[in-house]
Structure formats: C-alpha cells, structure tokens
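Q: Please see the structure below; I have some questions.
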Amino acid sequence: MSTPLSSTQLSRYFTRVGHRSDARPTLATLRELHRAHLLSIPYENLDIHLGVPLTLDPERMFAKLVDERRGGWCYEMNGVFANVLETMGFDVRRVAGTVGRAAHGWRAQGNHLVLIVTLDRPWIVDVGFGDGFLAPLPLEPGTYSQSFLRYRVSRDGPRWRVDNHAFGGADGFDFTLTRRTLDDFAVQCRELQTSPQSGFVKTTVCERFTREGLIMLRGATLKEVTAAGAREHVLESAGEYAATLRDRFGLDLPIAAAELWQGEAAVAVATPTA
C-alpha cells in the first residue's frame, strides 16, 4: 500500500472528477468513481512528445492529473486511482498487465498497470487503458456489455485476459494476480517513453469517455465512437488541434499544442494514423 492521501488531497481529487456523494468503500462508490474518473480525466501521452519525463512518483502523478488538470497514461491514471481507493479503505492489488503479448512476447510483460479491487468478489479496475471499460468488470469469465460496447473476460490457468470492445485501439490485455508495487514497473515505464519502437514515442494519443461513447485523437485523426458507429476527422491546423485538446479533452495547452504541431513532434501529430 502506498502512502495515503491527505484529506485535502482526497477532496481535491473528488472535485477534479465531480464526485459529491458517498465516500464509503462500496461497490456503488467504486463504480461511480471509475466512471467519474474516465469522464473527467483524459488518457494522454503528450509529455513524451514534449520532452517531459514521466515518473512513477505518486506525488508528481497526483499533482499532474489533479492540480494541473492534465491526463496521463496507465501508470499515472491507475497509480493515482489506486492511491485514492486505498485512502478510502478499498482493498487494492496492483498487478502487471501485458498488451500485445502475441506480437512482442515476454518483452511486453508489465507494459500496463491493472488494479484488482476485492469487495463482494474481485473486480478488474482500470482507468488507464484509454478506450477500455467505463465500469469495473468482474474477475469472472464471461461476456459483459456496457452500453453498446462488449467485453470478454477469460482465464487460461493463472493468466487472465480482458478482450476490449471492437472499436478499441488495442485488442485487450492479460495479467496474473501476482501483487506488484509501482517500482516494479520502472523498467517498462522508462522503455515505453524512450524506445523508438514504442507506440507511445511514435504517435501522440488522447482518449476520453463521453456520455455518448468515446473520443480518440491519434496524431491528427480524431475518431468519435457512439452507438451509431464510428466517424473520423483529420485536423488541419495548429489552431484546430489546440481547440480540440481544449474543448474535447479538457487540456488547455496552447503553447504545448503549437509545439506538438510545429516542433519536433510535428511528424507524430501531423501524420494521420489508422
């Protein structure tokens, strides 16, 4: 367990995600917080393209997501969320997830942080998969629907797998239940933000749930997913890019947006991706 948040920090987090109701460690509270986090805080990797190192330091991650009103990737999003839940009294286990095992093998081990929260039964909790699930999933094999999106949980011996919905950028992830600490992810955290082969280095990404579905910005391509299907739009200027970050993802970063569009990261931003 990490160092608990102060009452002031917890209050600031609740304000950030718009949580004003029950703070007891119940399933209803977990579901509400999971949804509120994903509707309020975007998944994003912009710092990598701005030359700002990403850290596993809990204080820095909290300040970035809550006080600076930024988003983050899985280690930041689930790192902060785990700390919030533990402070509230939830039983949280951090486990090592793997995205892309078929393509990358053992090298991908731990490239995703997943949380298991035990209440009436264990629940898969993940606010850091970007375009994953809006509410926790039971740690039980089965197919689960959330609005128009469908997910599958399966098990093969000690290894569990979550298959993402059909519109997801990644098809899912697997994990075992071995307990980890944030420090166990240090090697992958460094590799994913520095290796030229890393997808995080190749392309800027912002993703966020909305009440209608999902919005995803990869490079200059904005994709919106609703029950009616998916549609794409290619952004055409630095101004449109900055406005999209601000209005669609809650990221008011005019100077950074200009740098991302025109500076060293211009290729990553200005080249549409699939």
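Q: Under 7 Å between Cβ atoms, at least 6 apart or on separate chains: pull out the pairs that start in the stretch 153-164 with a residue that is closer than 14 Å to residue 116 by Cα and end on any residue that is surrounded by 12 or more Cβ atoms within 10 Å (Cβ to Cβ) and among the small types (Gly, Ala, Ser).
A: 161/154; 161/172; 162/172
Q: Follow-up question, since we're still on this one. Can you pull out every residue in the stretch 16-30 that is within 19 Å of the chain's Cα centre (by Cα) and on the phi < 0 side of the Ramachandran plot?
A: Hits for the stretch 16-30 are 16, 17, 19, 30.
Q: Please go through the stretch 40-67 and pick out each residue that is among the basic types (Lys, Arg) and open to solvent by 30 Å² or more (accessible area, probe 1.4 Å).
A: Pass one, the stretch 40-67, residues among the basic types (Lys, Arg): 60, 64.
The answer is 60, and nothing else.
Q: Please go through the stretch 97-123 and give me each residue that is in contact (Cβ under 8 Å) with a residue 12 or more places away in the chain, of a type in the set (Gly, Ala, Ser) and open to solvent by 10 Å² or more (accessible area, probe 1.4 Å), ordered by number.
A: Going through the stretch 97-123, the residues in contact (Cβ under 8 Å) with a residue 12 or more places away in the chain turn out to be 97-101, 109-123.
Okay, now just the ones that are also of a type in the set (Gly, Ala, Ser), so 97, 100, 110.
Within the stretch 97-123, just 100 meets the criteria.
Q: Could you tell me which of the residues 212, 191, 207 is under 20 Å from residue 149 (Cβ atoms) and surrounded by fewer than 20 Cβ atoms within 10 Å (Cβ to Cβ)? Working first, answer last.
A: On the way: 191 fails: under 20 Å from residue 149 (Cβ atoms); 207 fails: surrounded by fewer than 20 Cβ atoms within 10 Å (Cβ to Cβ).
212 is the lone residue from the list that is under 20 Å from residue 149 (Cβ atoms) and surrounded by fewer than 20 Cβ atoms within 10 Å (Cβ to Cβ).
Q: If you don't mind, there's one more thing I want to ask. For the stretch 163-274, which helices (runs of 4 or more DSSP H) that fit wholly inside it have 2 or more residues that are modelled with pLDDT under 95?
A: Numbers: elements: 186-194, 199-202, 238-249, 254-262, 266-270.
Hits in the stretch 163-274: 199-202, 238-249, 254-262, 266-270.
Q: Just wondering, is there one or more residues in the stretch 164-173 that are under 16 Å from the mean Cα position of the chain (by Cα), open to solvent by less than 40 Å² (accessible area, probe 1.4 Å) and among the charged types (D, E, K, R)? So that I can check it myself, show each step before the final result.
A: Residues of the stretch 164-173 under 16 Å from the mean Cα position of the chain (by Cα): 164-165, 167-173.
Add one more test, that the residue is open to solvent by less than 40 Å² (accessible area, probe 1.4 Å), and what stays is 164-165, 168, 170, 172-173.
When the remaining residues are screened for being among the charged types (D, E, K, R), the result is none.
No, there is no match, as no residue in the stretch 164-173 is under 16 Å from the mean Cα position of the chain (by Cα), open to solvent by less than 40 Å² (accessible area, probe 1.4 Å) and among the charged types (D, E, K, R).
Q: Pairs needed: first member in the stretch 1-26, closer than 15 Å to residue 89 by Cβ and open to solvent by less than 60 Å² (accessible area, probe 1.4 Å); second member anywhere, in a loop (DSSP other than H, G, I, E, B) and aromatic (Phe, Trp, Tyr); C-beta distance under 7 Å; at least 6 residues apart or different chains.
A: 25/90
Q: A further question follows. Name the residues in the stretch 31-69 that are outside any helix (DSSP H, G or I) and under 12 Å from the mean Cα position of the chain (by Cα), would you? Let's see the steps before the verdict.
A: Going residue by residue through the stretch 31-69, those that are outside any helix (DSSP H, G or I) are 41-45, 50-57, 68-69.
Across the stretch 31-69, the qualifying residues are 41, 42, 43, 44, 45.
Q: Name the pairs: first residue in the stretch 78-92 and surrounded by fewer than 21 Cβ atoms within 10 Å (Cβ to Cβ), second residue modelled with pLDDT under 95 and hydroxyl-bearing (Ser, Thr, Tyr), Cβ to Cβ under 8 Å, at least 6 apart or on different chains?
A: So the pair list comes out as 86/2.
The values are calculated or read from the model by the stated rules, or taken from the named source; none is laboratory data. Since this is a predicted model, take the numbers as computed values, not measurements. Because the Cβ atoms are built from the backbone with ideal geometry, glycine has one as well, and the counts that use them run over all protein chains shown. Just so you know, the surface numbers come from the protein's heavy atoms only, side chains and all, with ligands and any DNA or RNA stripped out. Shrake-Rupley method; radii C 1.70, N 1.55, O 1.52, S 1.80 Å.
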